[in-house]
Each structure stands twice: as C-alpha cells, then as structure tokens.
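Accompanying notes for the structure given below.
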Amino acid sequence: MIRQSVALRENAYDIYIREGLLGDCGALLRERFGESLPAEAVLITDSNVWARYASPMRDSLARAGIAFKPLVQEAGEGSKSLRNLARLYAAFADLRLRRDGLIIAFGGGVIGDLAGFAAATWMRGVRFVQIPTTLLAQVDSSVGGKTAVNTRAGKNLVGVFYQPALVLTDPALLAGLPAREFRCGMAEVVKYGAIRSKRLFESLRLAPDPAELCAIIGECCAIKAGIVERDAFDTGERMLLNFGHSFGHAIEALGGFHRHNHGEAVAMGMTLAAEAGERLGLTARGSANALREVLAAQGLETDCPYAPAALLPRMDLDKKNSDGAVRLVLLAAPGEAFVRSLDRAALREAMGGV
Ligand code: NAD
Ligand code: GLY
C-alpha cells in the first residue's frame, strides 16, 4: 500500500493507494475515525459509480460495522449545480446530519467537488472522505481541498478550500472507466511530469501498463501533496498545477463545454503553452514536440482546432488573471515549470502574432 501524507499544519491527512483497496475501505475508515464514527454516515455518489460498485462498497462498510445512507446523484457535470446542492442540504436535514457526522464522496471529480462543498458548508463544516473513482480524481481533484459548484456564469465559481480527512484510492476501480475518461486523466498525469518530473514525463512515451498505475498515481499525489503543503490557498506555486489550463479553459468554452472534455482541452492547452514559451525564448527548443509525442502516446489529440484570435478573448475571462495581464504557466523544459505574467501584447506575440 502506498501511504502519502499531506502534511498541512492544520488539517493534515493521508492518501492510501492500493489495488483492491475498496474491500478494505470500511476497515480503513474505522481505523482513522475509531469511536468518533457517527451512527450513520452519508455517502454521496453518482448513478454510474453506484450501478457498478454499490455491492462491494456496502459489503466493505458492513464488515466494519459502518451504517450509511447513499445519496445517488445523476452522473455528469450537471450535478455540480446550486440546485442540486440545495437538494443535498434538504437530504442532510432529513437525515439529521450533524457537525460530528461524516460525508463520504465516492465518485469522480464531480462528486468530490460537490460533496466536498456540501461538507464544507453544512453546519460550517462536516468531516469528509474522498474515495475517488476516476483517474482524474485519483491524481488530482481528490487531493488538495478545492471544492466547488458551477453557476450560469461559469464553472467552479462558487467554492471553498476544504481539505478531506482521508483519501482512499483504489486503481482497480479504473478498469471500467470509459477509455475517453481514462485518457482525460492521463492528460493530468502528463501535466505532473511536464511541470515536476522529467523521469515521469519520459516514462509516458508509452501507454502505462495497468500494473504500473498504482505507482504512477502515487507519484502524482506525491507531487501534488508537496505543492499543496507549500501553497494550500493557490497564491503561488500551486498555480503550476494549471499548466495548459488557461488555454484549455478557452478551448473547452469554444467547444461549448461538450466537444472537448477537460483532459482533451488541457492536452491541447499544454502543447500551446509549450509552443508559446518556445516563441518567447523561455522554453527549451523541442519541448513542444516532446509534449506532442508523449500526449499522442496516451491517445490524446494535440492540434487545437481554434485560431489564436478566437482563443485570446476567452483567456482574458480566466478567473486566475490579474488586471491587464494573463498569468501563464510555462515550461523551462519538460520537468520544470514557472509562472510568467504576460500583458496582451506579449501574449499576442507568444501566440504567434494575433
Ligand atoms: P466525472 O466525475 O463526471 O466522471 C466522469 C464519468 O465517469 C462520469 O460519467 C462518471 O459517472 C463516470 N465514472 C466515474 N468513476 C467511474 C468508474 N470507476 N467506472 C466507470 N465510470 C465511472 O468527471 P471527472 O473527470 O472525474 O471530474 C471532472 C470534475 O472535476 C469537473 O467538475 C472539474 O471541475 C473537477 N476538478 C476538480 C479539481 C479539484 O482540484 N477539485 C481538479 C480537476 C477537476
Ligand atoms: N487542480 C488544480 C489544483 O488543485 O490546484
């Protein structure tokens, strides 16, 4: 079993990663919370995950003597809404969920973000545990405490930092993940290699063997844990985790949020960022090509279908921008990243002269 700690001064927690861990998650919850487990936990999941894994989850929790009430959400981004959040609050009230209760988020990033935000805000904070079931959630969204719901004005606009008390990760759950969702997670894995680990990056020149997934997820979580420990509130180093995301968000928006999924957009966005860095003389020549090769090996498309002139105004809307400048994550070379503020003129030049 891989055990990775997230050593925050307040709210420190562990991430456990092991093939087949689902069968032991009841025991691990009992070990972590002991006598402070509530009479009935609340488990928030989605319809796809519950259709597949209700039975092993029920068995695992029953063996540890943990009673729970499942609240099953419709699968998909649409569930990360204020309306759905209000439904959850109503269910919490019916269940008499108290501050000393426990919320278990069992699903991908949608469930983790929604359940985490509900946990953070119900009675000013109920303990919650992440049991991530997509690759994206296992390497990224379950760690670091970003929780949010969407509004009409945009994605993740209402949110709060709220760390889980424990993260339980079972890579075996990825066996049934649709191939497109798996590739989406691999884009984030490539991101970790690109910003922090040349060794991981180079190892991704081949599609991973399922036997290597535990170690790969562990390495991504170790990188993220270190970054979150140094910058929990996303004011500095944590921005590196947004490599490819400024372009990626613009690409997602131009595709109407249905043509490209997040990982596909980030894959193109990382390539654009590497090309931009090379144009500005800030990124080692050949880095963009190396990224293209690694992303292609993971089945990801790297050619952006939108012209720079279409991307540019969408990037200005990115919520991470400070006035007048866009903060872009750039590569020095694969394995090393930095943040650079670019004004509009510099951004135009970086994008090949728009
Ligand atoms: P998701 O939660 O919608 O899951 C993708 C699909 O896979 C869904 O249809 C789901 O039902 C299905 N699924 C989940 N686990 C499965 C399994 N084991 N087997 C079969 N099907 C399964 O999407 P996601 O990509 O996991 O997460 C995307 C969300 O994460 C977005 O809302 C994004 O904003 C958020 N996010 C948050 C952070 C963060 O730091 N909090 C980081 C990145 C992304
Ligand atoms: N997914 C980016 C972050 O957690 O900061």
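The values are calculated or read from the model by the stated rules, or taken from the named source; none is laboratory data. Keep in mind the model is a prediction, meaning the values are calculated, not measured. Neighbour counts are summed over all protein chains in view; Cβ atoms, including those assigned to glycine, are modelled from backbone coordinates with ideal geometry. Each accessible area value is taken on the protein alone, full model and side chains, heavy atoms only, with ligands, DNA and RNA left out. Shrake-Rupley method; radii C 1.70, N 1.55, O 1.52, S 1.80 Å.
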Before we move on, is Ile66 among the aliphatic types (A, V, I, L, M) and either part of a loop (DSSP other than H, G, I, E, B) or open to solvent by 10 Å² or more (accessible area, probe 1.4 Å) (or both)?
-> yes
Return the residue satisfying two criteria in turn: it lies in the stretch 131-149 and is hydrophobic (A, V, I, L, M, F, W, C) and within 13 Å of ligand 2 (Cβ to nearest atom), and of such residues it is farthest from Leu168 (Cα to Cα).
-> Ala148
Filtered residues of the stretch 26-55 (kept if farther than 22 Å from Ser79 by Cβ and touching a residue at least 24 places away in the same chain (Cβ under 8 Å)) | Gly26, Ala27, Leu28, Leu29, Arg30, Arg32, Phe33, Ser36, Leu37, Pro38, Ala39, Glu40
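Matching residues to (1) touching an Asp or Glu at 6+ places or on another chain (Cβ under 9 Å); (2) touching a residue at least 24 places away in the same chain (Cβ under 8 Å); (3) open to solvent by 10 Å² or more (accessible area, probe 1.4 Å):
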{"site": "Gln138", "(1), (2), (3)": "yes, yes, no"}
{"site": "Thr169", "(1), (2), (3)": "no, yes, no"}
{"site": "Pro178", "(1), (2), (3)": "no, no, yes"}
{"site": "Ala250", "(1), (2), (3)": "yes, yes, no"}
Every residue from the stretch 116-137 that is in contact with a Leu (Cβ under 9 Å, 6 or more places away or on another chain), within 9 Å of ligand 1 (Cβ to nearest atom) and not in a strand (DSSP E or B) = Thr133, Thr134, Leu135
Is it the case that some residue within the stretch 93-115 is within 16 Å of ligand 2 (Cβ to nearest atom) and over 19 Å from Val160 (Cβ atoms)?
-> yes
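Residue-wise test of (1) hydrophobic (A, V, I, L, M, F, W, C); (2) free of Cβ contacts under 8 Å to residues at least 24 places away in the same chain.
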| position | (1), (2) |
| --- | --- |
| Met57 | yes, no |
| Ser60 | no, no |
| Asp94 | no, yes |
| Phe106 | yes, no |
| Gly112 | no, no |
Test result for Asn261, out of contact with any Asp or Glu (no Cβ under 8 Å at 6 or more places or on another chain), of a type in the set (S, T, N, Q), within 15 Å of ligand 1 (Cβ to nearest atom) and within 18 Å of Cys184 (Cβ to Cβ) = no
Might you check whether a residue that is open to solvent by 10 Å² or more (accessible area, probe 1.4 Å), within 19 Å of Ala179 (Cα to Cα) and within 16 Å of ligand 1 (Cβ to nearest atom) occurs anywhere in the stretch 222-244?
-> no
